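Chemist: Mind looking over this structure? Questions follow.
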Amino acid sequence: MRLKKGLLISAIGLVGALALSGCTDSATSPSAAPVAEAPTFEAGTTMAALSEAGTMTIGTKFDQPLFGLLGPDDKPVGFDVEIGKLIAAKLGIKADDIKWKETVSANRELFIENGEVDIVIATYTINDVRKEKIDFAGPYYEAGQDLLVLAGNPDKITGPEDLTGKPVCTVSGSTSEKNIAEYTDNVITTDAYSKCLAPLRSGEVVAVTTDNVILAGLADQNAGEFEVISNPFTQEPYGIGLKKGDDAFRAFINDTLEESYTDGSWAAAWEATAGKVLKTPTPPAVDRY
Ligand code: GLU
């Protein structure tokens, strides 16, 4: 699954870009999106307010390698984080000026609704139930729910059908929790997927279930201990959560995503993060519902 060659090429590209631009912000932004200089937005819009403030608060995961994981400098790193930097950059906000707030699966809508964050980028599946409370830009990636088991797959699990009555760990408030309930009524929930690893190690559960890319990150972080079944059984389009009814902001984020698909910054963000372990996919079409 590792694409060492792709990584090498992107690393060479990054070093080249650093040498040419002398851009210091690249140190915290591997995809090095250029920060817009004094962009203008219609008065009264969220874009104008954030741009004027020079900062924004983004909710993301802090314990999910490849997408959002707290780094040694207490700043998160990962593909979701890079997508956040691309959006901030279009608003004229430098990566260093973004405030990152940890969100877990169960508090994402709440944090958006009560204004604790401006947006959430956190392996966040777009669905109609969530759309009753918030809106989504995107999708910017599509994952699928899968299973993580001990290396060697001692219980010979090939898919969710093999889990009837067996103990499985997942996270409350996630689509994973809802979907797995169709296959087993023996579900242990925590607030973060990383906390499912100890019960899997001890045999308390036979599998951990959530999106394949989250599981791939956990397997990569704990080399040799676990394996992903690689038999996805749902579609999980990842969106960017924002306040319900802020159509102008949603359109702006969708424009930003589409631009990142064509100008190479989406691919650069991927290759600098999740692409170290996973193949580079084709980005999904944005859904301007
Ligand atoms: N993408 C799924 C969701 O939004 C599972 C991953 C997560 O909990 O962040 O519920």
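Readers should treat all values here as calculations from the given coordinates under stated rules, not as data from a laboratory. Worth saying up front: this structure is predicted, and the values here are computed from it rather than measured. So basically every Cβ, Gly included, is an ideal-geometry build from the backbone, and we count neighbours across all protein chains shown.
Chemist: Just order 69-75, 268-274, 154-160 by mean Cβ neighbour count inside 10 Å, highest at the front, would you? Walk me through the intermediate numbers first.
Modeler: Working: 69-75: 12.3, 268-274: 24.3, 154-160: 13.9.
Result, highest mean Cβ count within 10 Å first: 268-274, 154-160, 69-75.
Chemist: Of VAL149, ASN127, VAL171, which is farthest along the charge dipole of segment 110-191 in the positive direction, counting Lys and Arg as +1 and Asp and Glu as -1 at C-beta?
Modeler: Result: VAL149.
Chemist: Comparing ALA216, ALA267, ALA122, which has the greatest mean-square fluctuation in the GNM of the chain with Cα pairs linked when under 10 Å apart?
Modeler: Fluctuation is largest for ALA267.
Chemist: Also, quick follow-up: For segment 40-108, what class follows from the C-alpha gyration tensor (a ≥ b ≥ c being the square roots of its eigenvalues): rounded when a/c is under 1.5, otherwise prolate if a/b is larger than b/c, else oblate?
Modeler: prolate
Chemist: Pick from LEU242, LEU197, LEU215 the residue whose mean-square fluctuation is largest in a GNM of the chain, springs joining Cα atoms under 10 Å.
Modeler: It is LEU197.
Chemist: Please report, in whole Å³, the volume per residue of the convex hull around the C-alpha atoms of segment 113-181. Walk me through the intermediate numbers first.
Modeler: Numbers: hull volume 9.2 nm³, N = 69.
Each residue corresponds to 133 Å³ of Cα convex hull volume.
Chemist: Let me ask another. Which residue, GLY44, GLY217, GLY54, has the most motion in a Gaussian network model of the chain that connects Cα atoms within less than 10 Å?
Modeler: Looking only at GLY44, GLY217, GLY54, the largest GNM fluctuation is found for GLY44.
Chemist: What 222 nm value per residue comes from the helices of the chain, counting each DSSP H run with n ≥ 4 as -39,500 (n - 2.57) and dividing by all residues, nearest 500 deg cm²/dmol?
Modeler: Computed ellipticity for the chain at 222 nm equals -9500 deg cm²/dmol.
Chemist: Restricting things to alpha carbons, find the Rg to Rh ratio for segment 221-289 using the Kirkwood radius for Rh.
Modeler: A ratio of 1.05.
Chemist: Let me ask something else. So if I restrict to the alpha-carbon atoms in segment 116-271, what is the Rg, and what is Dmax, the biggest pairwise distance, in Å?
Modeler: Taking only Cα atoms of segment 116-271, I get Rg and Dmax of 17.0, 51 Å.
Chemist: Where both residues lie in the chain, what percent of DSSP beta bridges are antiparallel, nearest 5?
Modeler: Beta bridges within the chain, antiparallel portion: roughly 60 percent.
Chemist: Where both residues lie in segment 39-112, what percent of DSSP beta bridges are antiparallel, nearest 5?
Modeler: Antiparallel bridges make up about 45 percent of those DSSP assigns within segment 39-112.
Chemist: Which of rounded, prolate, oblate describes segment 24-162, given a ≥ b ≥ c as roots of the alpha-carbon gyration tensor eigenvalues and a/c under 1.5 marking rounded, otherwise prolate only if a/b is larger than b/c?
Modeler: Values: a/c = 2.54, a/b = 1.65, b/c = 1.54.
Cα axes put segment 24-162 in the prolate bin.
Chemist: Over the alpha carbons of the chain, what is the largest minus smallest coordinate on each principal axis, giving the biggest first in Å?
Modeler: Rounded to whole Å, the extents work out to 57, 44, 32 Å.
Chemist: With helices defined as uninterrupted DSSP H runs, which ones in the chain have an alpha carbon span along their own long axis of at least 15 Å and mean Kyte-Doolittle hydropathy of at least -0.5?
Modeler: Taking the DSSP H segments of the chain (at least 15 Å long, mean hydropathy at least -0.5), we get 4-21, 79-90.
Chemist: Of TYR124, TYR289, how do they rank once you tally other Cβ atoms within 10 Å and put the fewest first?
Modeler: TYR289, TYR124
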